[in-house]
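Reviewing the structure listed below.
The values are calculated or read from the model by the stated rules, or taken from the named source; none is laboratory data. Note that this is a predicted model, so its numbers are computed, not measured. Cβ atoms come from the backbone with ideal geometry, glycine included; neighbour counts cover every protein chain shown.
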Amino acid sequence: MSTMARIRVLTADDHPLLREGIAAVLQGQPDMEVVGEAATGREALLQFRRLAPDVTLMDVQMPDVNGIDAIHAIRQESPDARIIVLTTYEGDVLASRAIKAGAAGYLLKGMLRKDLIDTIRAVHAGKRRIPAEIAVALAQHHADDGLTPREVEVLNRVAAGHANKRVADELAISEETVKTHMKSIMAKLAASDRTHAVTIALRRGIL
């Protein structure tokens, strides 16, 4: 196959070994080539502008600008950009944010060897690729009332082990308001107590 027909891929991940691994897998494909790499979200945006790749592989957790914000910025400049999220997180909230930002594919890093090539080809062809377990979780929680930004702030501090009084002091609100927020959080997450709420929020990618 000629070089002209190859799918040009940009890889953005702050782990050099993962980028090398992806390059090694793609090197064996006659219809693909890695045209650039980035180690931060800001670098990913600059490289995208410079290279105009066909498909971008984007890690979620990166220094300076996270992957979700980088996807959003790229899609604002290039609405047709085809981006696949790479993550170790299975949370439906994280997947939902990535999809809302404009990602067309969602790949768990543990599935790269098995699904990377097919996902790149599918996304390049204009399709969406989301792992079945993520799609199920998205469907299950589709009608959920999401946590408000303030509720996420409260829960973040609870996750750090802070008591209601300290949370109240840090956020400059009353202890009673913290309790009200926690009651709402536990109802929305169907959690039995504070620890359970934190566990659910971590699993779903809210925190």
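Which residue, of 119, 199, is surrounded by 19 or more Cβ atoms within 10 Å (Cβ to Cβ), within 20 Å of the chain's Cα centre (by Cα) and within 30 Å of residue 41 (Cβ to Cβ)?
Going through 119, 199 in turn, just one is surrounded by 19 or more Cβ atoms within 10 Å (Cβ to Cβ), within 20 Å of the chain's Cα centre (by Cα) and within 30 Å of residue 41 (Cβ to Cβ): 119.
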Matching entry among 103, 135 (being within 21 Å of the chain's Cα centre (by Cα), at negative phi and part of a loop (DSSP other than H, G, I, E, B)): 103
Out of the stretch 63-90, which residues are among the aliphatic types (A, V, I, L, M) and assigned to a loop (DSSP other than H, G, I, E, B)? 65, 81
Looking at (1) modelled with pLDDT under 90; (2) surrounded by 17 or more Cβ atoms within 10 Å (Cβ to Cβ); (3) part of a helix (DSSP H, G or I), which is the one condition that is false for residue 147? (3)
Residue 93: without any contact (Cβ under 8 Å) to a residue 60 or more places away in the chain and crowded, with 16+ Cβ neighbours inside 10 Å, yes or no? no
Does residue 189 count as over 20 Å from residue 85 (Cβ atoms) and of a type outside the set (Phe, Trp, Tyr)? yes
Answer with yes or no whether residue 34 is in contact with a Leu (Cβ under 8 Å, 6 or more places away or on another chain), touching a residue at least 60 places away in the same chain (Cβ under 8 Å), assigned by TED's automatic domain parsing to the domain that holds residue 122 and within 18 Å of residue 118 (Cβ to Cβ). no
Can you tell me which residue in the stretch 49-87 is surrounded by the most Cβ atoms within 10 Å (Cβ to Cβ), limited to those that are closer than 19 Å to residue 116 by Cβ and of a type outside the set (A, V, I, L, M)? 56
If you check every pair at least six apart or on different chains, which have Cβ atoms under 8 Å apart with a residue in the stretch 120-133 that is within 9 Å of residue 104 (Cα to Cα) first and a residue that is among the acidic types (Asp, Glu) second? 129/115; 129/118
With the requirement that a residue be within 19 Å of residue 96 (Cβ to Cβ) and of a type in the set (Ser, Thr, Tyr), what does the stretch 145-198 give you? 148
Say whether the condition of being out of contact with any His (no Cβ under 6 Å at 6 or more places or on another chain), crowded, with 19+ Cβ neighbours inside 10 Å and not in a helix (DSSP H, G or I) is met by at least one residue in the stretch 18-29. no
